[in-house]
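First comes the structure, then the notes that go with it.
The values are calculated or read from the model by the stated rules, or taken from the named source; none is laboratory data. Please read all numbers here as calculations on a predicted model, not as lab measurements. Cβ coordinates were reconstructed from backbone atoms using ideal geometry, including for glycine residues, and neighbour counts include every protein chain displayed. Areas reflect the complete protein model, heavy atoms only, side chains present, ligands, DNA and RNA absent. Shrake-Rupley method; radii C 1.70, N 1.55, O 1.52, S 1.80 Å.
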Amino acid sequence: MHCGRAVVPAATALAIGWLAAELTDSVSGRQSAAVTVGPLVLMCVLLAADEVLTALAGAMEQYIAGRVDARARRHVRRLALAPQEMAHLEDSQFADDAARVSEDSGGVPRSPGMAAVGQLRLVFRVAAAFGAAAVVAWMFSWALALVLLTTSLTMRALLRRWWIHLATVRDEREGLRRRAEYWTEVASAGSAGKEVRLFGLHGWVVRRRTHEFLSWVEVIWSERRGVLRRQWWIAGLAGIGACSALLLPALAAVRGTLPAGDVMPVLVAAWGVFAIGPMGQEAFDIEYGLGAVRALDRLTAAHGRSAVPIAAEGDVKAKANDAVPAEIRAEGLVFRYPRAEEAVVSGLDLIVSPGEVLALVGENGVGKTTLIKVIAGLHLPTAGRLLVDGSPVEGPDLALWRRRVATVFQDFNQYPLSAADNVALAAPEYRDDLQGVRTAARRAGAASFIERLPHGYETVLTSGRTGGTDLSGGQWQRIAIARAIFAVEHGRDVLILDEPTAHLDVEAEARFYRQIIAEVSGATVLLISHRLSTVRNADRIVLLEDGRIAEQGSHHELMIRDRGYARLFRLQAARFSGKGGQTDVTTESVEAGR
Ligand SMILES: Nc1ncnc2c1ncn2[C@@H]1O[C@H](COP(=O)(O)OP(=O)(O)OP(=O)(O)O)[C@@H](O)[C@H]1O
């Protein structure tokens, strides 16, 4: 298609030349007017072909751009899902680059696909210009052809340089664009809607969005004004080109060195050469799209190698069904978030015996969640080692290890799927085990409300779908717990629970340990909770301070030791008993809080 279109300018010039010659002959009476039919038909064919080829080329470009962009997005998804670890998902550079690869920005399509088809269009545009220059050279003058090509290509090079600079400025401000976009979302929809309304934040959010938007675009606008101001260079060059193209053939015709009939085709061909001067949409597509390609390259360079293949299903099941739960050992474990100055976990040593129930407690922000993410293989240690059954967890083993872990995080997912799928998703290969789903739901205290849903276990859990329904915070938490239990029932041997009772009612919280933790058989349990009544029956309680273990032991041992844990426990118990912190070990009156 593009090949055909590249030929059209030169062919049109030649057809016009043919038509002019035949017209001259027929007007002078040397031939009949019928001889003009041939060139006229050719011109009609060329015009029609140009229209058809333009339409077909547009469709083809869309197809190619779609394929290239889909491939780029698949690549980004693969990097994002790369099973090695998840620190990159919390890194702003990764988020900026991932957004840059496939997003439209301010209505400007800036994708790798657009760059690819732009490149294609440019090649054929240049070919068309050279074809037209050949016609000028053949029919009139090599010198004019060269002048026109040089002027047009210089114009193009200048424009390109300026617009590349502008595209770079845009790319450097990607983070600001995402910030402006966030406030657009908050202003128009999303989960922030409740607070925006209740706190009367509309005006503030709109002003904030305007402020962020202006911080993003003001520099871009100023650069663009600079580019537009420099256009007089282009106007000068265009003037030189246009004058040469119009005047020289006309003068030659006047002097008689160019036949009158050749003037028109030379002018048409000269215009064809000149048409390459302005950048054209394809140049913007290339420059903006190349920003996306560079972002893709950065992502691949930073994260491509760390992506290890996802373990084959057979391997995973074989490992997950091993009967004996793992021994987990942390040796001098250090973890620091990317770009953070201080380590959250700093030189921690810990051994979790197979089948042990270990509780992690400590103040907000001491690193409990971070530690379990490292243990679960979601973050790689910055230093030190994590060993499972004596072997370091790294490389392909990391993916296998993660498939042995079942979790309930504080920000557990609420999938807009059926209740059964929400439970079975932790071990999707057992989706058909409805009895297992029901058992897990019953143990998590979710069965009673699921059975009351309009379609029972097949009810879609979102109010955003026809026939779907939403759940309360506590009900969602029970679903998340059921999901983890289902995973353990199907072979996962480490159960990690981060604040699993945060949304539960008093009764459910009181029953939690007895009903869920004590019932877990054949798995090691790591439990985080600020409600010390939930963890007091754990085999061992570890109090974290400053990224290290401050104390550890059973509830009884720690109460006798009478240090940090005992102080926290008494404080909480006193809130229930009303004794103002005087509760002693023997009273253990937290039970009274149930
Ligand atoms: N993605 C992140 N990037 C940088 N720092 C982080 C990130 N996530 C957490 N942190 C920091 O790590 C520290 C420990 O956070 P973490 O969530 O592990 O604490 P926690 O003990 O689980 O707290 P809480 O009891 O409130 O849940 C905090 O100071 C927090 O600011």
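Karplus-derived 3J(HN,Hα) values for region 485-494, using 6.51 cos²θ - 1.76 cosθ + 1.60 with θ = phi - 60°, are 4, 4, 5, 5, 4, 9, x, 5, 10, 10 Hz; glycine and proline are entered as x. Both radii were evaluated on the Cα set of the chain; the Rg over Rh quotient, with Rh as the Kirkwood radius, amounts to 1.18. Placing +1 on the Cβ of every Lys and Arg and -1 on the Cβ of every Asp and Glu, with nothing else charged, gives the chain a dipole about its Cα centre of roughly 1240 debye. Per residue, the convex hull around the alpha carbon atoms of region 2-304 comes to 165 Å³. Between helix 564-577 and the chain, what is the angle of the helix's C-alpha long axis to the longest principal axis, kept within 0 to 90° and rounded to the nearest 10? It is inclined by approximately 80 degrees.
Overall shape of region 406-477 was characterised from the C-alpha gyration tensor. The equivalent ellipsoid obtained from it has semi-axes of 17, 14, 12 Å, in decreasing order. Amide H to amide H, with H built 1.01 Å from N, Thr524 comes under 5 Å of Ala326, Gly355, Val494, Leu495, counting only residues 5 or more places away or on other chains. Value of Rg to Rh for region 131-267, rounded to two decimals, is 1.36; Kirkwood radius and Rg both from alpha-carbon coordinates. Remark on Ser529: its backbone amide H falls under 5 Å from those of Leu360, Glu499, a criterion applied only to residues 5 or more positions apart or on other chains, H modelled at 1.01 Å from N. Extension gain, Arg30-Ala143: 0.36 nm per intervening residue step, less the Cα-Cα distance, totals 37.3 nm.
With unit charges on the beta carbons (Lys and Arg positive, Asp and Glu negative) and the dipole taken about the Cα centre of region 2-304, which residue among Ala15, Val227, Val37 sits farthest to the positive side? In region 2-304, that residue is Val227.
Probing with 1.4 Å while keeping every protein chain in the model, the per residue accessible area of region 462-548 equals 36 Å². Taking 0.36 nm per residue of separation and subtracting the current Cα-Cα distance, fully stretching the chain between Arg442 and Ser521 would add 26.8 nm. The mean of 1/r over all distinct Cα pairs in region 371-453, once inverted, gives the Kirkwood hydrodynamic radius of 15.0 Å. For Glu551, the residues 5 or more places off, or on other chains, whose built amide H falls under 5 Å of its own are Leu543. Whole-Hz Karplus values for region 429-444 come out as 5, 10, 3, 7, 7, 5, 5, x, 4, 5, 5, 4, 5, 5, 5, 8 Hz, taken residue by residue from phi with 6.51 cos²θ - 1.76 cosθ + 1.60 and θ = phi - 60°; glycine and proline positions read x. In this calculation the C-beta distance from Ala49 to His455 is compared with R0 = 45 Å, giving a FRET efficiency of 0.15. Ile351 exposes around 70 Å² of accessible area when a 1.4 Å probe is run over every protein chain in place. The residue list Phe140, Ala157, Leu56 was ranked by how far each Cα lies along the charge dipole of region 2-304 toward its positive end, using unit charges on Cβ atoms, and Ala157 comes out on top. When +1 charges are put on Lys and Arg Cβ atoms and -1 charges on Asp and Glu Cβ atoms, the dipole computed for region 2-304 relative to its Cα centre reaches about 480 debye. Solvent exposure of region 320-435, expressed per residue, is 44 Å² of accessible area, with all protein chains present and a 1.4 angstrom probe.
Compared with the dominant principal axis of the Cα atoms in the chain, helix 280-299 is inclined by about 30°. Between Tyr63 and Ala235, the distance separating the two model label sites (each 7 Å from Cα on the Cα→Cβ line) works out to 4.4 nm. The convex hull of the Cα atoms of region 348-394, projected and averaged over all directions, covers 3.7 nm². Estimated from the Cβ-Cβ distance and a Förster radius of 60 angstrom, the FRET efficiency linking Leu571 and Asp297 is about 0.65.
Extending 7 Å from Cα along the Cβ direction at Leu417 and again at Arg561 yields two label points whose distance is 4.2 nm.
Under 15 Å from a label point set 7 Å out along the Cα-to-Cβ vector of Leu380, the amide N atoms of region 326-350 belong to 334-339. Stokes-Einstein diffusion for region 448-520, with the hydrodynamic radius set to the Kirkwood value over Cα pairs and evaluated at 10 °C in a medium of 1.306 mPa s, equals 117 µm²/s.
Based on C-alpha pairs under 8 angstrom that are at least 6 apart in sequence, region 2-304 has a relative contact order of 34 percent. Net charge in the neighbourhood of Trp183 (other residues with Cβ under 13 Å of its Cβ; Lys, Arg +1, Asp, Glu -1) is +3. Each of Ser448, Trp476, Pro396 was scored by the projection of its Cα onto the charge dipole of the chain, and the greatest displacement toward the positive side belongs to Trp476; charges sit on the C-beta of Lys, Arg, Asp and Glu.
Computed from backbone phi with θ = phi - 60° and the Karplus coefficients 6.51, -1.76 and 1.60, the 3J(HN,Hα) list for region 61-66 is 4, 4, 4, 5, 4, x Hz; x is used for glycine and proline. If you roll a 1.4 Å probe over the chain with all protein chains in place, what percent of the accessible area is carbon or sulfur? Here it works out to 58 percent. For the chain, DSSP calls about 55 percent of its internal beta bridges antiparallel.
On the beta carbon distance between Glu90 and Arg224, with R0 = 30 Å, the FRET formula returns roughly 0.30. Across the chain, the mean sequence separation of Cα contacts (distance under 8 Å, 6 or more residues apart), normalised by length, yields a relative contact order of 14 percent.
Between helix 142-172 and the chain, what is the angle of the helix's C-alpha long axis to the longest principal axis, kept within 0 to 90° and rounded to the nearest 10? Between the helix axis and the principal axis of the chain, the angle is about 20 degrees.
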